[in-house]
Amino acid sequence: MSLTETTPGAGTPAGVEPSLATVGLTKAFGGVRAVDDATVTFHHGKINALIGPNGSGKTTFFNCVTGMIRPDAGEVTYRGRTITRRSPNRIAAAGIGRSFQLCRIFPRLTVLENVLVGVRPQGLAHRLRGARHGADIDRARELLRRVGIDHLEHAEARDISYGQQKLLELAGVLMVEPETIMLDEPAGGVNPALIGRIGTLVRELNAEGRTFVIVEHNMEMVMSLSDHVVVFDRGRPIAAGTPDEVQGDPRVLEAYLGV
Ligand SMILES: Nc1ncnc2c1ncn2[C@@H]1O[C@H](COP(=O)(O)OP(=O)(O)OP(=O)(O)O)[C@@H](O)[C@H]1O
């Protein structure tokens, strides 16, 4: 029996190129196996979603694959190359950008400065100094325009709405031109109008060639946006496929509803 048949989420259909992938990824906190022997493949050039009930290990999975925490066991590859246990900077340099469940912005910096600090991986002061090149500023402004908050360029980040902060974080991620973008709950705590804008941006950026891996609880967004959905329960994938396939999967209903 192939890996695809035994492990939901592990395989890639014919004609699909693997993007980010894990084999046997495991991370425990004390007695809790937050990610438990997870073998998952996301698809290059597609909008992938990672869903699952609260506490099923999605954020821990993101943190392991982006180098924020060290997995206890398992392999992470990106487009066929191993990136297991690399530092977050090296993983970013490999082409993977990410956002956080609770926005990571500098509240007392302006909106424009927040985008500029994404350009350089060193300390904050150095990043700001180094980023004051005209070309970087032009690009930061262009990205703010793109996400629709250019009118807020001089505002301090703490003074804009939470949804606008999510858009700001996305602009910061785009500043380093990642090939693959991982978003942790882009719609969480965001009003419906801005959720719509985030969805449209994801679609546009995907049409331009960027791969997405999105953790999200908003099922309407996930099902309307995604090409490929992986479902986690208790730290491991229990189903994977198109939105229609996973919605009809009894294992998914059981995980969500406990039926
Ligand atoms: N730093 C930590 N220390 C101890 N336990 C942790 C830590 N981080 C996560 N956990 C535990 O690991 C499990 C998975 O948590 P995780 O946040 O990865 O799930 P999630 O699917 O992202 O949840 P949610 O959808 O609620 O954000 C939970 O039981 C959580 O309490």
Residues that are over 15 Å from residue 234 (Cβ atoms), over 13 Å from the mean Cα position of the chain (by Cα) and more than 16 Å from the ligand (Cβ to nearest atom), drawn from the stretch 25-51: 41, 43, 44, 45
Among the residues listed as 194, 225, the single one being surrounded by 16 or more Cβ atoms within 10 Å (Cβ to Cβ), at pLDDT below 90 and of a type in the set (A, V, I, L, M): 194
Exclusive hit being among the charged types (D, E, K, R), over 15 Å from the mean Cα position of the chain (by Cα) and more than 16 Å from the ligand (Cβ to nearest atom), set 169, 208: 208
Looking only at the stretch 228-247, and only at residues there that are over 19 Å from the mean Cα position of the chain (by Cα) and within 17 Å of residue 218 (Cα to Cα), the one that is nearest to the ligand (Cβ to nearest atom): 246
The one condition in (1) over 26 Å from residue 115 (Cα atoms); (2) away from the ligand (no atom under 13 Å from the Cβ); (3) not charged (D, E, K, R) that residue 222 fails to fulfil: (2)
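Step by step: first the residues of the stretch 52-74, then only those that are more than 9 Å from the ligand (Cβ to nearest atom) and not in a loop (DSSP other than H, G, I, E, B), then the one that is farthest from residue 231 (Cα to Cα). Which residue is that? Lay out the reasoning, then the answer.
Of the residues in the stretch 52-74, the ones more than 9 Å from the ligand (Cβ to nearest atom) are 64-68, 70-74.
Within this subset, residues satisfying the condition of being not in a loop (DSSP other than H, G, I, E, B) are 64-65, 73-74.
On the way: 64: 17, 65: 17, 73: 21, 74: 19 Å.
Among residues in the stretch 52-74 that are more than 9 Å from the ligand (Cβ to nearest atom) and not in a loop (DSSP other than H, G, I, E, B), the one farthest from residue 231 (Cα to Cα) is 73.
Here's the yes/no breakdown for (1) of a type in the set (Val, Ile, Thr); (2) under 16 Å from residue 47 (Cα atoms); (3) not in a loop (DSSP other than H, G, I, E, B):
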{"residue": "203", "(1), (2), (3)": "no, yes, yes"}
{"residue": "209", "(1), (2), (3)": "no, yes, no"}
{"residue": "212", "(1), (2), (3)": "no, yes, yes"}
{"residue": "223", "(1), (2), (3)": "no, yes, yes"}
{"residue": "229", "(1), (2), (3)": "yes, yes, yes"}
{"residue": "244", "(1), (2), (3)": "no, yes, yes"}
For residue 189: the one exception among (1) out of contact with any Asp or Glu (no Cβ under 7 Å at 6 or more places or on another chain); (2) at negative phi; (3) within 16 Å of the ligand (Cβ to nearest atom): (2)
Positions within the stretch 215-259 being acidic (Asp, Glu) and free of Cβ contacts under 8 Å to residues at least 60 places away in the same chain, in sequence order: 220, 244, 245, 249, 254
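The values are calculated or read from the model by the stated rules, or taken from the named source; none is laboratory data. This one's a predicted model, so the numbers in the text were calculated from it and none came from an experiment. Glycine also receives a Cβ, built like all others from the backbone with ideal geometry; neighbour counts cover every protein chain displayed.
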